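Trainee: Here it is, the structure in full.
The values are calculated or read from the model by the stated rules, or taken from the named source; none is laboratory data. Here the structure is a predicted model, which is why all the values come from computation and not from measurement. Remember, those area values only see protein heavy atoms, side chains included, never the ligands or the DNA or RNA. Shrake-Rupley method; radii C 1.70, N 1.55, O 1.52, S 1.80 Å.
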Amino acid sequence: MSIRFKLLAVFIGLGILPLFVACVVNYVNGVRAVDRMLRGELNASAVRIARKVEKRLHTREATLTRLAGARALREYVRDAGGQVAPNPNG
């Protein structure tokens with residue numbers, strides 16, 4: 001073996017290889033950090049959306065409850081003789 005080959009092997013073994021390993025470890029840690037960050041943002045967004053949906057459903061439910069108790073609606077149903085209009089969707 002020549003001295004040139006030995007020096008090249010030492011340079012690669014002690015210089016390039018540890019640098020490559022450090023880069024791979026840094027990349028993996030970065031990917032994990034970004035994944036955690038995105039999952040946190042996604043969970044927060046899902047919670048916000050769920051709260052908005054619950055609020056809208058609660059508002060609609062309250063409106064329908066008031067409508068169901070309205071005297072005018074009861075009179076309308078009584079006057080219509082309990083007939084229900086056909087459902088246009090089938």
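Trainee: So if each residue of separation counts as 0.36 nm, and I subtract the Cα-Cα distance between residue 65 and residue 24, what length gain in nm does that give? Mind dumping the intermediate values first?
Mentor: Details: separation 41, 0.36 × 41 = 14.76 nm, distance 6.06 nm.
The residue 65-residue 24 span can extend by a further 8.7 nm.
Trainee: Still on this structure: Whole number in Å², please: accessible area per residue of the chain, 1.4 Å probe, ligands, DNA and RNA not counted. List each step's numbers first, then the result.
Mentor: Working: 8730 Å² over 90 residues.
Per-residue value: 97 Å².
Trainee: Over all alpha-carbon pairs in the range 29-74, figure out the percentage whose distance exceeds 18 Å. It would help to have the intermediate numbers written out before the result.
Mentor: On the way: 593 of 1035 pairs.
That fraction is 57 percent.
Trainee: Based on the alpha carbons, how large is the Rg to Rh ratio for the chain when Rh follows Kirkwood? Present the calculation step by step, with values, prior to reporting the outcome.
Mentor: Numbers: Rg = 34.8 Å, Rh = 20.7 Å.
Across the chain, the Cα-based Rg/Rh ratio is 1.68.
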